[in-house]
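Structure first, commentary second.
The values are calculated or read from the model by the stated rules, or taken from the named source; none is laboratory data. Bear in mind that the values here come from a model prediction, so they are computed numbers and not experimental data. Cβ sites come from the backbone with ideal geometry, for glycine too, and all protein chains shown count toward neighbours. Just so you know, the surface numbers come from the protein's heavy atoms only, side chains and all, with ligands and any DNA or RNA stripped out. Shrake-Rupley method; radii C 1.70, N 1.55, O 1.52, S 1.80 Å.
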Amino acid sequence: MVKRASIIAVLVLSLISSCYGQVTVGYYNNKCGTKDVESIIRGVVSTRFSYEGAIVAFLLRLQFHDCLGDKQCDASLLLAGPGSEQTAVPNFTVKGFDLIDAIKAALEQECPGVVSCSDIIAAATRDAVVLAGGSYYDVPMGRKDGLVGLASNVDLPPPDISVASAIQYYGKVGFSALETVVLLGGHTVGVTHCSVIKDRLYNYKGTQSADPDLDAFYVFFLGNIICHNDPNAVDMFVFLDSPDSVLTVDNSYYKMLLNHKGILPIDNAIAFDPSTSGYVNDLANNNDYFLDLFGKTIVKMGLIGVLTGNQGEIRQVCSKTN
């Protein structure tokens, strides 16, 4: 299966490296005096990661929501205020804004007005992925920051989306079924809340019992130890990957799926739907294969609707336009 999927991946992903346009690898070389822009970003991310490993999950989600929320990787999600993207329901729990602000401040001190907030998101996410065990990937840069970020423009797939609808959603921005499965691999460091999955644990489709597709022991563990069928209970976090691997970027997420431990409905569905199950098996059986595809697919996501040249601006502060 790996050989089959590898051939598909080469055909689909080989297009990425030659289609950057005005967004290029090494864009900031010699643009910040003697300072290396990517080293500055990496330094701030490394410091944060040293005491908060969960920052990798925050940044992956932030980049995902920025790029796919309004189909533009333009840092519009960073804009704050009434009616902003941050006020849209899917973005209520997005974190990492303070880290982006810290990186921006460090760069403004060295070379004011040079590095966009949207490029910071892409580079910082890559650095966190590498620190968490992922493979290094080059990040093409040269993006400009968007001028508009509206909650009304946010369109993100729900956790109970069907496989067919997920493939259609991602297909609209150029992703194949394989790349859709790879993007969902970001759940390797993801979390959700008990409130999101309570129906699967206690009242699946009105049956007053758990989803039969979930492993019985896992249902007991989640339903009685982590979550509780009580409206007054604290809405606890639930790891989307194995607890012993939740802060590591690896393929253990796919292994969980094959063992009927996919937390979100879409996680469980891709493991057994005929259109995606083969990809899940391939990725579960080869960590290097997953890491390679994951980096390439994140790069591709980071190129959705980018602004370059005279489009947009380079914000002085990431939370507001100039």
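Here are some notes:
- CD proxy at 222 nm, helix term only [per DSSP H run n ≥ 4: -39500 (n - 2.57); per residue of the chain; nearest 500]: -13000 deg cm²/dmol
- Here the chain has 55 percent of its accessible surface on carbon and sulfur atoms, given a 1.4 Å probe and all protein chains in place.
- A cut-off of 5 Å between modelled amide H atoms, ignoring neighbours fewer than 5 places along the same chain, links LEU307 with LYS144.
- Here the convex hull built on the C-alpha positions of the stretch 76-231 has a volume of 182 cubic angstrom per residue.
- Heavy-atom surface of the stretch 139-223, accessible at 1.4 Å and reported per residue (Å²): 43 Å²
- Applying Stokes-Einstein at 25 °C and 0.890 mPa s to the Kirkwood radius of the stretch 20-86, computed over alpha-carbon pairs, gives a translational diffusion coefficient of 172 µm² s⁻¹.
- Model label zone, ASP213; criterion: amide N under 17 Å from point 7 Å along Cα-to-beta-carbon; scope the stretch 272-290: 272-281
- Chymotrypsin sites (Phe, Trp or Tyr not before Pro), loop per DSSP, at most 11 other Cβ atoms within 10 Å - longest free stretch of the chain: 137-322
- In terms of accessible area, using a 1.4 Å probe and ignoring ligands and nucleic acids, THR87, THR47 rank largest first as THR47, THR87.
- Annotation: amide H-H contacts under 5 Å for MET141 (H modelled 1.01 Å from N, sequence separation of 5 or more, or interchain): THR24, VAL25, GLY26, TYR27.
- For the stretch 51-150, applying the loop criterion from DSSP together with a ceiling of 15 other beta carbons within 10 Å to the trypsin sites (Lys or Arg not before Pro) yields LYS71, LYS95.
- For the stretch 237-320, the alpha carbon positions stretch 49, 29, 24 Å along the principal axes, listed from largest to smallest.
- Calculated FRET efficiency for the pair ASN229/SER162, C-beta based, R₀ 25 Å, to 0.05: 0.45
- In this entry, the chain is assigned a mean projected area of 16.6 nm², taken as a quarter of its C-alpha convex hull surface.
- 5 Å binning of all Cα-Cα separations within the stretch 144-230, expressed as whole percents from 0 upward: 3, 11, 16, 17, 17, 16, 11, 5, 3, 2, 0
- Overall form of the stretch 51-116 per C-alpha gyration tensor (a/c, 1.5; a/b vs b/c): oblate
- Exposure rank, largest accessible area first [VAL114, VAL181; 1.4 Å]: VAL114, VAL181
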